[in-house]
Amino acid sequence: MGEFRHIEPQAARHLIAGHPTWYHRIEVAPGIVTPGINDSERTLAALELPEDLRGKTVLDIGTRDGFFAFACERRGADVLAVDYMPVEATGFGIAAQLLGSQVRYQRENIYNLRAETIGSFDIVLMLGLLYHLPDLVGALSTVRPLCRDRLYVESHVCDVDFPDLADKPFAHFCQGSSLNADPTNYWAPTTRCVEAMLDECGFSVSKTTRLGSRSICEAAATVDSGRYYRAIALGEEVPTID
């Protein structure tokens, strides 16, 4: 699954050119790569995901064109890809067609995801997503019941911009289009802030990797002792404490 399928190079290039905006660079046939702006291979290498994911389930939240979802499928995982955008607005469908992929795509907002409807997963990916979310703790709290084992968070961070605060759990609010001229960028947390929020939401960070102005946190799902109080704060149904 997700391997190259036989298709004429001209036909593949025609399909790729039919989508106006690519974010991920995906090799969909030998020597044919989608023209994305994101150096996805660099991030994949830094994630250090297991090479063998056979028997594992993966949830890729904010999948966009699907690079990481397809990468996990190639390693043997059963993958659900989620994005708030309709699939036609991304390059996912074209890439999946060219790769012969069986990755499932679901259009949904992260805040609406529930284990009761989509299940829980061995591995959850939140790559290039966190800083686009207005409610950071709410998002991580939503993700916790979806994750059985490992969560990987890759995010823009502000350690370089605020060096005096780099060791503090600090997040800078990015008003309007102040971060990279993009109005969908809400927050620029420090790496320490990402780690602290993960700890608050029932995860234990096992590894952190810095990549310039970005950080990757690998975390294990642990006992979520703060769920009761977050549910009250978020106006959700309060879980029963045994």
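The values are calculated or read from the model by the stated rules, or taken from the named source; none is laboratory data. Worth saying up front: this structure is predicted, and the values here are computed from it rather than measured. Cβ coordinates were reconstructed from backbone atoms using ideal geometry, including for glycine residues, and neighbour counts include every protein chain displayed.
For this structure, a couple of remarks:
- Any chance Phe121 is under 18 Å from the mean Cα position of the chain (by Cα), aromatic (Phe, Trp, Tyr) and assigned by TED's automatic domain parsing to the domain that holds Tyr229: yes
- Listed conditions (1) more than 19 Å from Asn38 (Cα to Cα); (2) touching a Lys or Arg at 6+ places or on another chain (Cβ under 7 Å) are all met by Thr90, apart from (1).
- Taking first residues from region 218-234 that are modelled with pLDDT under 90 and partners that are of a type in the set (Lys, Arg) and in a helix (DSSP H, G or I), the Cβ contacts under 7 Å between residues at least 6 apart in sequence or on separate chains come to Asp224/Arg144.
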